[in-house]
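One structure is given below, encoded as structure tokens.
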Amino acid sequence: MGAVVSPTISQAAFERTMRELGEMGMKLQSAVKVQRLAVETSDLSKCDTEKVREEAFKLRPTVRRQPKTGREKKTETEGVGGLNVDAGLDADAEAGGDAFEEKADAEVVERSARRAPPVNSDVLPLPWKGRLGYACLNTYLRAANTPVFSSRTCRIASIIEHRHPLQDPTQPEHSTKNRPDRTQPPDVQRGLKFVQDLGLANAKDIVKMLRWNEKYGIRFMRLSSEMFPFASHEEHGYKLAPFAADVLAEAGRVAAELGHRLTTHPGQYTQIASPRREVVDAAFRDLEYHHEMLSLLKLPEQSDRDAVMILHMGGVYGDKAATLDRFRQNYAKLSDGVKRRLVLENDDVSWSVHDLLPICEELNIPLVLDYHHHNIVFDDSIREGTQDIIGLYDRIAKTWTRKKIKQKMHYSEPTAEAVTPRDRRKHSARVKTLPPCAPDMDLMIEAKDKEQAVFELMRAFRLPGWDLFNDIVPYERDDEPKKETKRAKKADKNITPEENGGIRAAFLEWFKALPGSTFHEHIEITDFRERNAGRGIVALQDIPAEAVLFTVPRSGILSSETSELKGKLPEIFQETAMEVDDKPQQDPWSTLIIVMMYEYFKGSESKWKPYIDVLPSSFETPMFWSDAELDELQASATRSKVGKASAEEMFQDKVLPVIRANQHLFPTSQTYSDDDLIQLAHRMGSTIMSYSFDFQNEDEEDEDETEEWVEEREAKSTMGMVPMADILNADAEYNAHVNYGDDALTVTALRTIKAGEEIFNYYGPHPNSELLRRYGYVTPKHSRYDVVELPWTLVEESVAASLGLSSEQLDKARECLDSDELEDTFVLERETEEPNPDGTLTGSARFSEIPEDLRDQLKSLLKAIRKAVPSSVVDKRKRDEIQHNILIRALDALASRYPTSISEDERILAGNDISERRRAAVTVRLGEKRLIQEAKNYLLGLVSDAAGADESSAPTKKARRSD
Ligand SMILES: C[S@@+](CC[C@H](N)C(=O)[O-])C[C@H]1O[C@@H](n2cnc3c(N)ncnc32)[C@H](O)[C@@H]1O
């Protein structure tokens, strides 16, 4: 028995420990950051900060991603409420993996200690007379209050989106308040200007970096290849001269004035020896782009010659000789300008110094020696280290001097514990020594800490300039706590692009592998965190109406029908489980939560693991707000609908007992406290709220049902999680539709979807308050559906005040009414049209009617008052007017429950420094106040119309009388 039980327990305990270690790792990481502030006091020989940092990263739990969708009863596309899920599962798995690898790691470190140093030479190039440089990014300036950097970029979809004018073109763009307005006609030039402006901002920052470098003794820098985003793209590319010549010339002027060297390094995909035509074409375009950028710097002759473009040979494509031949042929076709600047660099996979030197000599191409790469790809007949190439130094130098270009080299070091070539490809954050190069070399330090790595080297060897940066603190500055806090919060809430990309790619791959799934080739999952909308799906090319965007097989839906838990715990899924009295009755919510927790605890054993990984773990719904945040909703009825306590009661009654009683089915759950399990249930519940769909069970479909999808969802419908369909965001104007088929759900385009457009589902005609409650976001387009709840007590108070009744008189009148029939609240809303069949909206929304049930109930009360308090009887002809005035007074009372006015709220929303939650709360309460105002204006209109009618009828009567 023990042998069976204990592994489970130790595994569970282990996972828990690893989770805690993850948290410690985070703490360690921040501690390390703080330590790193003290560059001045760092002692390289004692403290390997890089190793500590690497360890901290290894232990860091994977973070999470963004909120999700919802569902709406009357619409067929029923996404449920939304949340942010995280990759907590992933984190656990990874952390577990790390621990299992601990032993192996120890071995690795030991072997590493035995390994020859990467630079096994006695030569130290001292006294140093050369230039040390860093590549592309200055970490200190990047983190400044106004960041300075040259790699602002965007996605192609953003270029396409920015072909449309901003909602308010007179104002700057804002991530939520002033976006491109897709209802306006697109203009290619506008999109082009958008991306070119990014490039200009990048290029303008070169001067700032140069001046900063100069101040601290750095005179060598690589320019970012991302300077002008997509400039070499086949379709979206552009020339630089027409718009960037001046800015680049200014950068070049400053570089020349200060004697700084500028170089570039086109990316790894720029390969002119590829057997694929399109790769070579793209490489040619990219090299021309880099050449144009460097030429527009208008550098003095020697500096211009030194402004080289470093290129790798690229792949081997199965045949080194053939690849070299292709290189020769294509090199011959390059423009003279490109040829002048082109330099080849040995890489860390295939092309060693020994491979490249001959072709460089043959074609008159300088060879840049990268020590780090060389120590991975070296001539193993000799040995690792620099000994095999020191003899080649002269030949390498000649490849430069014969073109009258100042030689440069690259230097970096592998991370401390790296042994295998794969491990060693990772550059360390800083470097500890100088390579055995000539002391006047231009040496590019390729280390993650960029300029900080250069400083550390300067300080370690007291290189010229080492005393200049005493007064500067590295990039983790403590003079910007606010900014850093804000950023850290965002990073915590949303996973990093890398993590996101990995999880997203794994999910897409998983989805495509589901039998029966399809995914249109012209759509892609996209990151919309910049506008707080998590992920979504966009069209990459125009997609015609009715095209199938993707298909989700029913077997891929996660529900109580598809999860194997149904077979393992049939009792909770039987219909009787909903009916037996002595146990709490399960319901579709509780069963789906249990199913999701089952799949969660299964971890990598779950069929849905890649899907669960992309679900959210944190949420913006009011369920997770603090009291202070909820207070911002003021008098909105939303506040009373959050339902946290009732949700927790349900988890206690229905979810926890099932998990506790079946721990073998929920491995590791025994290491969770009740509170932990409740938190997990919250997470699953909120995910279901904003992501799930309602759909009819296959075996319960009406035999005669000929419609493909189901309009009305009856009691037998099931809630399920529909991968991919729930990646779609929603909009009041939507362009996609979910069709419920027997075997699959298909999502089709309702109208032509233009390239760059987001694909939107429809959650239903929800007011912003409901969008917030279920999905955690609000949007101006849904304000047409806003509602406000008028409590009946306010109407009664208004009646008493208007008619001068005492509370006893009101009570007496109330006794004449059947209290069971009385409604507590009435919902006021605007009259608005349904969306058109193609998902667009026409017409406006306006308040045009007092709800009939409110009118009837008020009439009944007034009637009862007439009966109970005959002295209060008013002129019959005035009854309508009195009713209207009673309602106006009630609305005033309702409005007065909101402490701020409409204009104050508008001012708050117009401000920039407002958190997303506050913005959402203010939007909700403002929408309600506006509706109250509109309803009041409507009633005032009725009153004044009636007065006008009275006036116009009065003289007639008088006239009649005088007759
Ligand atoms: C079904 S999910 C949609 C996919 C989700 N964006 C994601 O990252 O997984 C529903 C959630 O997406 C977000 N969402 C959907 N439509 C949105 C919109 N128009 N604006 C902002 N957020 C939106 C909300 O957080 C909502 O709870």
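Of everything in the range 883-903, what is in a helix (DSSP H, G or I) and surrounded by 16 or more Cβ atoms within 10 Å (Cβ to Cβ)? Give them in sequence order. Full working, then the answer.
Restricting attention to the range 883-903, the residues satisfying the condition of being in a helix (DSSP H, G or I) are 883-896, 902-903.
Listed by number, the residues that qualify are Q883, H884, N885, I886, L887, I888, R889, A890, L891, A893, L894, A895.
Taking the range 652-678 only, how many residues are of a type in the set (G, A, S) and either outside any helix (DSSP H, G or I) or in contact with a strand residue (DSSP E or B) (Cβ under 7 Å, 6 or more places away or on another chain) (or both)? Please lay out each step first, then the result.
Looking only at the range 652-678, we keep the residues that are of a type in the set (G, A, S), and these are 661, 669, 673.
Still in the running and either outside any helix (DSSP H, G or I) or in contact with a strand residue (DSSP E or B) (Cβ under 7 Å, 6 or more places away or on another chain) (or both): 673.
The number of residues fulfilling the criteria is 1.
Mind checking which residues of the range 744-759 are over 23 Å from L514 (Cβ atoms) and either within 16 Å of the ligand (Cβ to nearest atom) or not basic (K, R) (or both)? Quick ask: steps written out before the conclusion?
Residues of the range 744-759 that are over 23 Å from L514 (Cβ atoms), as a first pass: 750-758.
L750, T752, I753, A755, G756, E757, E758 - these are the residues of the range 744-759 that are over 23 Å from L514 (Cβ atoms) and either within 16 Å of the ligand (Cβ to nearest atom) or not basic (K, R) (or both).
Can you tell me which residues in the range 128-182 are touching a Gly at 6+ places or on another chain (Cβ under 6 Å) and assigned to a loop (DSSP other than H, G, I, E, B)?
Filtering the range 128-182 down to residues touching a Gly at 6+ places or on another chain (Cβ under 6 Å) leaves 157, 159-163.
Those that are touching a Gly at 6+ places or on another chain (Cβ under 6 Å) and assigned to a loop (DSSP other than H, G, I, E, B): H162, R163.
Have a look at K568, K609, K602 and point out the one that is farther than 24 Å from S690 by Cα and at pLDDT below 95.
Working: K609 fails: farther than 24 Å from S690 by Cα; K602 fails: farther than 24 Å from S690 by Cα.
Residue meeting the stated conditions: K568.
Being crowded, with 22+ Cβ neighbours inside 10 Å and of a type in the set (S, T, N, Q) is the filter here, so list the residues in the range 591-616 that pass it.
Passing the criteria: only T591.
Do we have A681 as at pLDDT 90 or above, surrounded by fewer than 19 Cβ atoms within 10 Å (Cβ to Cβ), among the aliphatic types (A, V, I, L, M) and outside any loop (DSSP other than H, G, I, E, B) here? Let's see the steps before the verdict.
On the way: at pLDDT 90 or above: yes; surrounded by fewer than 19 Cβ atoms within 10 Å (Cβ to Cβ): no; among the aliphatic types (A, V, I, L, M): yes; outside any loop (DSSP other than H, G, I, E, B): yes.
Spelling it out, it is not the case that A681 is at pLDDT 90 or above, surrounded by fewer than 19 Cβ atoms within 10 Å (Cβ to Cβ), among the aliphatic types (A, V, I, L, M) and outside any loop (DSSP other than H, G, I, E, B).
Hey, which of the strands (runs of 3 or more DSSP E) in the range 708-813, taking only ones fully inside, have at least 3 residues that are at pLDDT 95 or above and more than 32 Å from the chain's Cα centre (by Cα)?
Details: elements: 718-721, 736-740, 744-749, 758-761, 787-791.
Hits in the range 708-813: 787-791.
What are the pairs with Cβ atoms under 9 angstrom where one residue, in the range 397-408, is among the polar types (S, T, N, Q) and the other, located anywhere, is modelled with pLDDT of 95 or more and assigned to a helix (DSSP H, G or I)? Sequence gap at least six, or different chains.
Going by the 9 Å Cβ cut-off, the qualifying pairs are T399/L357; T399/C360; T399/E361; Q407/I396; Q407/A397; Q407/T399; Q407/W400; Q407/T401.
Does at least one position in the range 799-812 carry a residue that is closer than 22 Å to L931 by Cα, among the β-branched types (V, I, T) and assigned by TED's automatic domain parsing to the domain that holds K863? Step through it out loud before you land on a result.
Here is the first cut: in the range 799-812, the ones closer than 22 Å to L931 by Cα are 799.
With among the β-branched types (V, I, T) added as a condition, the list becomes 799.
Add one more test, that the residue is assigned by TED's automatic domain parsing to the domain that holds K863, and what stays is 799.
Yes, because at least one residue in the range 799-812 is closer than 22 Å to L931 by Cα, among the β-branched types (V, I, T) and assigned by TED's automatic domain parsing to the domain that holds K863.
Can we say E530 is surrounded by fewer than 20 Cβ atoms within 10 Å (Cβ to Cβ), under 22 Å from the mean Cα position of the chain (by Cα) and assigned to a strand (DSSP E or B)? Before you say what the answer is, go through the steps one by one.
Numbers: surrounded by fewer than 20 Cβ atoms within 10 Å (Cβ to Cβ): yes; under 22 Å from the mean Cα position of the chain (by Cα): yes; assigned to a strand (DSSP E or B): no.
Taking the combined requirement at face value, the residue does not satisfy it.
Could you count how many residues in the range 602-661 are among the polar types (S, T, N, Q) and more than 26 Å from I914 (Cβ to Cβ)?
4
Specify the residue that is farthest from the chain's Cα centre (by Cα); the eligible residues are those in the range 432-446 that are crowded, with 20+ Cβ neighbours inside 10 Å and aliphatic (A, V, I, L, M).
The selected residue is M441.
From the set of residues in the range 742-787 that are closer than 27 Å to M684 by Cβ and among the small types (G, A, S), which is surrounded by the fewest Cβ atoms within 10 Å (Cβ to Cβ)?
The residue in question is A744.
Out of everything in the range 448-465 that is part of a loop (DSSP other than H, G, I, E, B) and surrounded by fewer than 24 Cβ atoms within 10 Å (Cβ to Cβ), what residue ends up being modelled with the lowest pLDDT?
Keep residues of the range 448-465 that are part of a loop (DSSP other than H, G, I, E, B), which gives 448-449, 461-465.
From what's left, surrounded by fewer than 24 Cβ atoms within 10 Å (Cβ to Cβ): 448, 461-465.
Details: K448: 85, F461: 87, R462: 85, L463: 88, P464: 83, G465: 79.
Looking at residues that are part of a loop (DSSP other than H, G, I, E, B) and surrounded by fewer than 24 Cβ atoms within 10 Å (Cβ to Cβ), I get G465.
Restricting to the range 720-737, what's the tally of residues that are surrounded by fewer than 24 Cβ atoms within 10 Å (Cβ to Cβ) and more than 10 Å from the ligand (Cβ to nearest atom)?
The qualifying residues number 2.
Mind listing just one residue for me: the one in the range 794-830 that is out of contact with any helix residue (DSSP H, G or I) (no Cβ under 6 Å at 6 or more places or on another chain) and free of Cβ contacts under 8 Å to residues at least 24 places away in the same chain and, of those, surrounded by the fewest Cβ atoms within 10 Å (Cβ to Cβ)?
Checking each candidate, the answer is D820.
The values are calculated or read from the model by the stated rules, or taken from the named source; none is laboratory data. Computed from a predicted model, the values in this text were never measured in an experiment. All Cβ positions, glycine included, derive from the backbone under ideal geometry; neighbour counts span all protein chains shown.
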